[in-house]
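Trainee: Please see the structure below; I have some questions.
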Amino acid sequence: MTEVANMIKTSNMFKNIAIDIYDKYLKNKVYGYYIPLIVNSAFSSEVALKYMLKYDNGSYKSIHKLYDLWVPLNKHYKICIYSYFKEICQTPYDFTYIDNKIKEFSNIFIDFRYSFERSRTYVEPKFIMELMYAVSFVANC
């Protein structure tokens, strides 16, 4: 399997884990799985962004910061991601809001992966999951 094929497979596996956590626990108001939901959603988004960068440019930065992966992303991908938010998620978010939220939550994978070492960072699970769905949809196209 090629590196890019393995990247999209990995992104989808973490997305599926996040969805399973949401469906099994959070939908049933079992909130002890909030952190694994965020970590898996953020990591799925990160790998999908890296996949798109690798696909277009042949490389990506070895970082975990979502915003640093978002900024160099091809404008076409960004427009598709924005459209997914609007059409599929039916959110009122505009381009600026999404950019600002990705910047605000840029370090969320690291902050939540090691949440036992740091003070709690606030995150909007709804936005992180919507981002995961949007990025995944575009990457899988």
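Trainee: Obtain the nm distance between the two label points defined at Tyr93 and Asn140 by a simple spin-label model: each point lies 7 Å from its Cα along the Cα-to-C-beta direction.
Mentor: The answer from the label model is 1.8 nm.
Trainee: Shifting gears a bit: What is the count of Lys pairs in the stretch 56-141 whose alpha carbons sit under 23 Å apart, if the two are 8 or more places apart or on different chains?
Mentor: Total qualifying Lys-Lys pairs in the stretch 56-141 comes to 21.
Trainee: What number comes out for accessible area per residue over the chain if the probe is 1.4 Å? Units Å², please.
Mentor: 56
Trainee: Next up: Identify the residues of the stretch 26-58 with backbone N under 17 Å of a label point that sits 7 angstrom from the Cα of Phe116 along the Cα-to-Cβ direction, or state none.
Mentor: 32-40
Trainee: Please give the FRET efficiency for Asn100 paired with Tyr33, using the beta carbon to beta carbon distance and R0 = 22 Å, rounded to the nearest 0.05. Can you show the working numbers first?
Mentor: Values: r = 27 Å, r/R0 = 1.24.
Efficiency at R0 = 22 Å is approximately 0.20.
Trainee: Which ³J(HN,Hα) values, rounded to whole Hz and listed in residue order, are derived for the stretch 95-110 from phi using the Karplus coefficients 6.51, -1.76 and 1.60 in 6.51 cos²θ - 1.76 cosθ + 1.60 with θ = phi - 60°, glycine and proline given as x?
Mentor: Using θ = phi - 60°, the values come out as 4, 5, 4, 5, 4, 5, 5, 5, 5, 4, 9, 3, 9, 4, 4, 5 Hz.
Trainee: Moving on. Contour minus end-to-end for Asn74 and Lys86, with contour as 0.36 nm per residue of separation and end-to-end as the Cα-Cα distance?
Mentor: Taking 0.36 nm per residue and subtracting the Cα distance, the gain is 2.4 nm.
Trainee: In the set (i) 1.00; (ii) 2.33; (iii) 1.43, which value of Cα Rg over 2.2 N^0.38 Å was calculated from the structure you see?
Mentor: Computed from the coordinates, Cα Rg over 2.2 N^0.38 Å corresponds to (i).
Trainee: Let me ask another. Quote the accessible area belonging to Glu124 in square angstrom, nearest 10, computed with a 1.4 Å probe and with ligands, DNA and RNA left uncounted.
Mentor: Accessible area, nearest 10 Å²: 40 Å².
Trainee: Over the heavy atoms of Tyr31, what accessible area does a 1.4 Å probe trace out, to the nearest 10 Å²?
Mentor: Near enough 140 Å² of accessible area.
Trainee: Also, quick follow-up: How high is the relative contact order of the chain, in percent, with contacts defined as C-alpha pairs under 8 Å that are six or more residues apart?
Mentor: 31
Trainee: For the chain, which whole-number percentage of the solvent-accessible area (1.4 Å probe, protein heavy atoms only) is attributable to carbon and sulfur atoms?
Mentor: Numbers: 4280 of 7890 Å².
Accessible surface attributable to carbon and sulfur in the chain totals 54 percent.
Trainee: Considering only protein heavy atoms, what is the solvent-accessible area of Asp111 at a probe of 1.4 Å, reported in Å² to the nearest 10?
Mentor: Counting only protein heavy atoms, the figure is 30 Å².
Trainee: Put Tyr122, Tyr34 in order of accessible area, largest first, 1.4 Å probe: what do you get?
Mentor: From most exposed to least exposed: Tyr122, Tyr34.
The values are calculated or read from the model by the stated rules, or taken from the named source; none is laboratory data. Predicted model, so just to flag it, every value in this text is computed and none were measured. Glycine also receives a Cβ, built like all others from the backbone with ideal geometry; neighbour counts cover every protein chain displayed. What goes into the accessible areas is simple: the full protein's heavy atoms, side chains included, and nothing from ligands, DNA or RNA. Shrake-Rupley method; radii C 1.70, N 1.55, O 1.52, S 1.80 Å.
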